[in-house]
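Asks: Before anything else, here's the structure in question.
The values are calculated or read from the model by the stated rules, or taken from the named source; none is laboratory data. Everything quoted here is computed from the prediction, not taken from an experiment. Here the Cβ positions follow ideal geometry from the backbone for every residue, glycine too, while neighbour counts run over all protein chains shown.
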Amino acid sequence: MTGLGECCVTGVTSGLGAHAAANLADRGWRVTGIGRKPPGHSDVPAGIDYIQADLGNPDDVAALPSRLQACPSFLIHCAVAYPGGKAEGTEDFEHVFRVNALAPYRLTRDLMALKPQGHFASFVMVNSEAMFNADENSGVYAASKAALKVLASGLAHACRGRNASVSTLLLGPLANPSKRRELESVSQRRGLSAQEVTRMFLRRSNPNLVIDDLIEFDACLTALECIYELGASANGMVCRLDGGAGGSLI
């Protein structure tokens, strides 16, 4: 990858955020990670600068640009919050929206205002195909992800002529370790292979899916690198790595 420089990843203490931060640091990026866990926690990837911040707290989000000191060349929003139960409480509802939509919007907007014109910056919102398939238990989460997509579109419009891009990486079912363990447990109980159980799960979870396995973190990282390499031409782009979950007309 060309143009290695400062990279910032939110949600860096688990899942895709941790994977992306660790691998980008190995590839020569100077990575700053943002997460809720205390500094020195074992889940924080080695080799990165770490900032503890609660993206559900507006004051923490407002302070991040000064703590980062400059606009990074590459900002990847991986942080995610899920509602507890049906998220009937107002506090829980608002927390999910702050972390999933408002924090990435505000942080991107504020850092974009600090970016020198000659400095290219790529801002990537990691989003989910869940926005297309809400039910009574996932409606709040799906709505927060739909809001993120709309806010990203507005930010992309503001990027025109500013040597920057705001894009979306739209993901389907990921190969999270917890999901792998769950499917392996089912395969053992039913006497089936893990591959067959995974295939059945994917086909039942969304009939539009045309993949037979969960999406690996490495595939997501490749997509993120491609978005960055596209430069300003990626502004407004939606890169779908969702297994067709969004439907053929999306």
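Asks: So, F132, is that one under 17 Å from the mean Cα position of the chain (by Cα) and either at pLDDT 95 or above or closer than 21 Å to G236 by Cβ (or both) or not?
Replies: Values: under 17 Å from the mean Cα position of the chain (by Cα): yes; either at pLDDT 95 or above or closer than 21 Å to G236 by Cβ (or both): yes.
So F132 passes the test.
Asks: OK, next. Tell me which residues, restricted to the range 120-146, are surrounded by fewer than 24 Cβ atoms within 10 Å (Cβ to Cβ) and closer than 12 Å to C159 by Cβ.
Replies: F120
Asks: Which residues, taken from the range 173-189, are over 23 Å from H19 (Cβ atoms) and either loosely packed, with under 14 Cβ neighbours inside 10 Å or in contact (Cβ under 8 Å) with a residue 60 or more places away in the chain (or both)?
Replies: At the first step, the residues of the range 173-189 found to be over 23 Å from H19 (Cβ atoms) are 186-189.
Hits for the range 173-189 are Q188, R189.
Asks: Separate question: Can we say F93 is of a type in the set (A, V, I, L, M, F, W, C), in contact with a helix residue (DSSP H, G or I) (Cβ under 7 Å, 6 or more places away or on another chain) and either outside the structural domain of H157 (by TED's automatic domain parsing) or more than 26 Å from F217 (Cα to Cα) (or both)? Step through it out loud before you land on a result.
Replies: Numbers: of a type in the set (A, V, I, L, M, F, W, C): yes; in contact with a helix residue (DSSP H, G or I) (Cβ under 7 Å, 6 or more places away or on another chain): yes; either outside the structural domain of H157 (by TED's automatic domain parsing) or more than 26 Å from F217 (Cα to Cα) (or both): yes.
Here the answer is yes, as F93 does meet what is asked.
Asks: Looking at (1) closer than 30 Å to G154 by Cβ; (2) among the polar types (S, T, N, Q); (3) without any contact (Cβ under 8 Å) to a residue 12 or more places away in the chain; (4) not assigned by TED's automatic domain parsing to the domain that holds A146, which one does T222 not meet, given that it meets all the others?
Replies: Here T222 clears every test but (4).
Asks: I would also like to ask the following. Can you tell me which of G56, G84 is assigned by TED's automatic domain parsing to the domain that holds S14, more than 24 Å from G236 (Cα to Cα) and modelled with pLDDT of 95 or more? Before you say what the answer is, go through the steps one by one.
Replies: On the way: G84 fails: modelled with pLDDT of 95 or more.
Result: G56 is the single residue among G56, G84 that is assigned by TED's automatic domain parsing to the domain that holds S14, more than 24 Å from G236 (Cα to Cα) and modelled with pLDDT of 95 or more.
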